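Trainee: Sending over a structure as structure tokens; questions will come in a sec.
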Amino acid sequence: LGELATASPVSGSFYAYARHAFQDSPYLSRLAGFMTGWMYWYFWVIVIALEAIVGAKLFAYWLPDTPQWIVSLVLLALLTATNLFSVKSFGEFEFWFSSIKVAAIGLFIFLCTLYMFGLWPNHQAAGFGELLNHGGFMPNGWGPVLSGAVAATGFYFGAEIVTIAAAETKDPEKSVAKATQSVISRVLIFYVCSILLVVCIVPWNSPEIATPYVSALKVLNIPFVADIMNVVILVAVLSCLNSGVYAASRMLFALTQNGDAPRSLTKLSKNGVPIRAILFSTLFGYLSILASYFSPDAVFPFLVESYGTVALFVYIVIAFSQIRLRRHLERVAPECLKVRMWCFPYLSYFAIIGMLSIFTAMAFIPGLQKAFWFGIASAGILFCIFIIRDYIELIKLRHQSTQLNTLIPAKQTKI
């Protein structure tokens, strides 16, 4: 995706790439674009609601008597306002949110590393410590590891937002290339390294592992752990909520460009902000929040269980689009390929196989089966909407054609 975004930074990013990749088949092009754009929008409007709900639960630590649904709505309203003001305000908020997150996880890694190497007060070096205790490494075999890996894929979604923002940046080639090439190193440092330290410090079979970072800091005897982590997690939640409003609104705006969404949503403010797209996207966020409190056993579980699978669909389409467009660019404009996918096309196919394997595994892992089938149902509903929309468009074209045919003979008779 970084390869495509540096070669062609366009509004809608992978939605536009999906349409262009399959343009040799107009029907498939429309279908790929429609499904990719709306599934991605659906993913983020559910994330918006979820993050607002989680944020309210975190605030309950300090405001236990305030109704959580009111706090959720207030948080979403505040971050909607920042997105409505300007793109710059979104970027500034996200910069500070991200800075706090990076500083917090960096400090956590530093402190835990000191502890492991015996540089912490009143503690001797423990090395890998708890990682190899209580039955040794991977005591229950590969099953739990693989099922955990499948579930963890959902936490990587969001890295693609940088390509959506490419169309609104001053130097998209440079910024997207830099961000794309740093994704792997960031995952290794912030995800893998931090969790490695946690499982070296906290026993894997301890009940405390349910709150990994808090439990690790408790072992280090750091005071006010709960307050510190509550603030850090709240910042992370608000960051995700902020990004969700941005991503959903920009994708909806892109959908309007090709008639895949109502063109009435294209209105821009003086600052170039798609006001109606933001309000429409957050409207579904508000409705999802209300559904979580007033229909917790019916509507909301369907939304929560289906959104992750839907995002996986989008990533698979991105990979197929990259393969087709890379070959096209190599033929017509190889100079545009500033960032190149490694080991093309083998690593691209490997990525597709990996994602299809994850998708298939979800059908057999008990804890993920509901998400699998709800995701299939969501995609099926969107496909039915596409068929109906396409049929209505076809009727309109036939009607316009009939009117044109009746007008032409009349003009010829006059002449």
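Trainee: Explain nothing, just compute: Karplus ³J(HN,Hα) = 6.51 cos²θ - 1.76 cosθ + 1.60, θ = phi - 60°, for every residue of the range 372-377 in order, whole Hz, x for Gly and Pro.
Mentor: 4, 6, 5, x, 4, 4
Trainee: With runs of 4+ DSSP H residues as the only contributors, calculate the mean residue ellipticity of the chain at 222 nm using -39,500 (n - 2.57) per run, divided by the residue total and rounded to the nearest 500.
Mentor: The helix-only estimate for the chain comes to -24000 deg cm²/dmol at 222 nm.
Trainee: Moving on. How large, in percent, is the carbon and sulfur part of the accessible surface of the range 295-383 at a probe radius of 1.4 Å?
Mentor: Result for the range 295-383: 73 percent of the exposed heavy-atom area is carbon or sulfur.
Trainee: Quick query: amide H of Ser269 versus all other amide H atoms, modeled in the peptide plane; which residues come in under 5 Å with a sequence gap of 5 or more or a different chain?
Mentor: Long-range HN contacts for Ser269: Ile275.
Trainee: Probe of 1.4 angstrom, ligands and nucleic acids ignored: what's the accessible area per residue over the chain, in square angstrom?
Mentor: Values: 22070 Å² over 415 residues.
Solvent-accessible surface per residue comes out at 53 Å².
Trainee: OK, next. Please compute the volume of the convex hull spanned by the alpha-carbon atoms of the range 163-208 and report it per residue in Å³.
Mentor: Details: hull volume 4.4 nm³, N = 46.
Taking only Cα atoms, the range 163-208 has a hull volume of 95 Å³ per residue.
Trainee: Let me know the Rg and Dmax you get for the chain when you use only its Cα atoms, in Å.
Mentor: 24.3, 102
Trainee: At a Cα cut-off below 29 Å, give the lysines reachable from Lys101, other chains included and same-chain residues fewer than 8 away excluded.
Mentor: The reachable lysines, counting only those whose Cα sits under 29 Å from Lys101, are Lys57, Lys88, Lys170, Lys174, Lys178, Lys218.
Trainee: If you don't mind, there's one more thing I want to ask. Which ³J(HN,Hα) values, rounded to whole Hz and listed in residue order, are derived for the range 189-201 from phi using the Karplus coefficients 6.51, -1.76 and 1.60 in 6.51 cos²θ - 1.76 cosθ + 1.60 with θ = phi - 60°, glycine and proline given as x?
Mentor: 6, 7, 8, 5, 4, 5, 6, 4, 5, 4, 6, 7, 9
Trainee: Amide H neighbours of Leu63 under 5 Å, counting only residues 5+ apart in sequence or on other chains, H built in-plane at 1.01 Å?
Mentor: none
Trainee: Continuing with the same structure: Tell me, how many Å apart are the Cα centres for the range 311-366 and for the range 167-234?
Mentor: Answer, in whole Å: 27.
Trainee: Counting Lys and Arg as +1 and Asp and Glu as -1, what is the net charge of the other residues whose Cβ lies under 15 Å from the Cβ of Leu238?
Mentor: Net of charged neighbours comes to -1.
Trainee: For the range 40-45, take each phi angle, set θ = phi - 60°, evaluate the Karplus expression 6.51 cos²θ - 1.76 cosθ + 1.60, and give the result in whole Hz per residue in order, putting x for glycine and proline.
Mentor: Values, residue by residue: 5, 4, 4, 4, 6, 5 Hz.
Trainee: Where Rh denotes the Kirkwood radius from the mean inverse Cα pair distance, what is Rg over Rh for the range 200-327? Numbers along the way, then the final one.
Mentor: Details: Rg = 20.6 Å, Rh = 18.7 Å.
On the Cα set of the range 200-327, Rg over Rh gives 1.10.
The values are calculated or read from the model by the stated rules, or taken from the named source; none is laboratory data. Because the structure is predicted, anything quoted here is derived from the model rather than measured. In this analysis, Cβ positions are derived from the backbone assuming ideal geometry, glycine residues included, and neighbour counts consider all displayed protein chains. Surface accessibility is based on the protein's heavy atoms, side chains included, excluding ligands, DNA and RNA. Shrake-Rupley method; radii C 1.70, N 1.55, O 1.52, S 1.80 Å.
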